[in-house]
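Below is one structure; the comments refer to it alone.
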Amino acid sequence: MERADPYPNWNWHVEGNCNGLTSVFRISIDPCGRLWVLDSGVIDVLNSTRQLCPPQIVVFDLRTDKLIWRYRIPKDQAPEGALFTNIATDVRNGKCDEAYAYIVDVLRYGLIVYNWKEDRSWRVSHSFFFPDPMACRYNLDNITFRWTDGIFGVALSPVDTVTGDRYLYFHPMSSHREFVVPTSVLRSETGADDHPDEFKVLGEPRALANGQSSASGMDRRGVLFYNLVSQDAVGCWNSRRPFKRQYHGKVDENKETLNFPNDLKVDQEKRQSVWVLSNKLHKYIYAALNTEDVNFRVLTGRVEDLVRDTICDPDSDVEPPVVDRFDCPNQEL
């Protein structure tokens, strides 16, 4: 059996060393061969939740595994109780020095926008980042619990050939809905305050019940993949179609291998693949893990294989109807 080794080495994982890594939630690899590591700095999340070290972005060169950049999120952008859990990186046209990163605060319902070139960040707030009270109840494997998790999943669209912009698709964990905003709004420090109506809610809920989603990602043809934690499944939606339930599909569903799909990435290889991490998180928190079982899995599949014969397939013979790009009313929750 292959062994998983600490990255980049054990020296980075020493408790109390704030120049190392304390509590990494998620990562992102950009087209420039850089690994962006989101370190929340928080320990004992399930109990007292202690901020041991400042939250930070740590960037490694994947060719050398050496540290090339570190950015600590300022205190005024990390309110007490904040928990930074996801990151998406935005590099366009090979301009590595003009990168942006979008970092979510799941518990204080905010989004941090980081500008690499200027080495600074700002915090964005919006009502769409909050959980939906009607979607806070979960029931998985006869375990019932309530979470008030806000913005969690973030996925970047391909560059729009008309506007030259990209769109950030996002959703709270405790929600059945998907939202979108042009990244040009986020890239301006005052953009969200100046243009709050540029945040849109898409079509209709992805499900009427048990539609909570953790992580998500979009391929270069505009297919959104998202984890359905309450269904042990990975869903999909072709962004050329209306955001309605009949246009959503499932690329896989398995109560054993996809038991609580927690993370999802779409890589940038020539033939793209979807990567999913499942970890039975609900059992770890509220019951107990069976050490005789396989509790943690990394699963992968080629995009073209996953969407084949689904409503999400861009090569489907069924032409998508011509609709408003986001098919969404201008409304808030």
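The values are calculated or read from the model by the stated rules, or taken from the named source; none is laboratory data. Given the structure is predicted, the values throughout are model-derived calculations rather than measurements. All Cβ positions, even for glycine, are placed from backbone atoms using ideal geometry, and neighbour counts span all protein chains on display.
The residues on offer are 130, 145, 170, and the sole one that is touching a strand residue (DSSP E or B) at 6+ places or on another chain (Cβ under 8 Å), surrounded by 15 or more Cβ atoms within 10 Å (Cβ to Cβ), farther than 26 Å from residue 30 by Cβ and not β-branched (Val, Ile, Thr) is 130. Taken as a whole, the range 49-61 holds no residue that is out of contact with any strand residue (DSSP E or B) (no Cβ under 9 Å at 6 or more places or on another chain), of a type outside the set (S, T, N, Q), surrounded by fewer than 20 Cβ atoms within 10 Å (Cβ to Cβ) and over 18 Å from residue 6 (Cβ atoms).
Per the conditions (1) surrounded by 15 or more Cβ atoms within 10 Å (Cβ to Cβ); (2) within 30 Å of residue 220 (Cβ to Cβ), the sole criterion not satisfied by residue 21 is (2).
Only one of 118, 189 is outside any strand (DSSP E or B), assigned by TED's automatic domain parsing to the domain that holds residue 81 and among the acidic types (Asp, Glu); which? Steps first, please.
Values: 189 fails: assigned by TED's automatic domain parsing to the domain that holds residue 81.
Result: 118 is the single residue among 118, 189 that is outside any strand (DSSP E or B), assigned by TED's automatic domain parsing to the domain that holds residue 81 and among the acidic types (Asp, Glu).
Taking into account only those residues within the range 211-233 that are of a type outside the set (S, T, N, Q) and in contact with a Phe, Trp or Tyr (Cβ under 6 Å, 6 or more places away or on another chain), which is surrounded by the fewest Cβ atoms within 10 Å (Cβ to Cβ)? Only one residue fits best here, namely 224. Filtered by the rule that a residue be in contact with a strand residue (DSSP E or B) (Cβ under 8 Å, 6 or more places away or on another chain) and part of a loop (DSSP other than H, G, I, E, B), the range 17-48 gives 21, 22, 23, 30, 33, 40, 41, 44. Restricting attention to the range 95-125, the residues that are touching a Pro at 6+ places or on another chain (Cβ under 7 Å) and closer than 22 Å to residue 160 by Cβ total 0.
Taking every residue in the range 283-299 that is in the same structural domain as residue 257 (by TED's automatic domain parsing) and pairing it with any residue that is among the hydroxyl-bearing types (Ser, Thr, Tyr), at least 6 positions away or on another chain, the pairs with Cβ-Cβ distances below 8 Å are 295/284; 296/278; 297/257; 297/278; 299/257; 299/278. Per the listing 199, 225, the residue uniquely closer than 12 Å to residue 128 by Cα, touching a helix residue (DSSP H, G or I) at 6+ places or on another chain (Cβ under 9 Å), outside the structural domain of residue 27 (by TED's automatic domain parsing) and touching a residue at least 40 places away in the same chain (Cβ under 8 Å) is 199. Which numbered condition trips up residue 172, out of (1) within 19 Å of residue 228 (Cβ to Cβ); (2) more than 12 Å from the chain's Cα centre (by Cα); (3) not aliphatic (A, V, I, L, M)? Result: residue 172 passes all but (2). Residues in the range 133-174 that are farther than 20 Å from residue 81 by Cβ and in contact with a Pro (Cβ under 9 Å, 6 or more places away or on another chain) were compared, and the one that is modelled with the lowest pLDDT is 163. Considering (1) in a loop (DSSP other than H, G, I, E, B); (2) without any contact (Cβ under 8 Å) to a residue 40 or more places away in the chain; (3) polar (S, T, N, Q), the lone condition that residue 184 does not fulfil carries the number (1). Here is the figure for the range 84-107: residues that are outside any strand (DSSP E or B) and under 20 Å from residue 190 (Cβ atoms) total 1.
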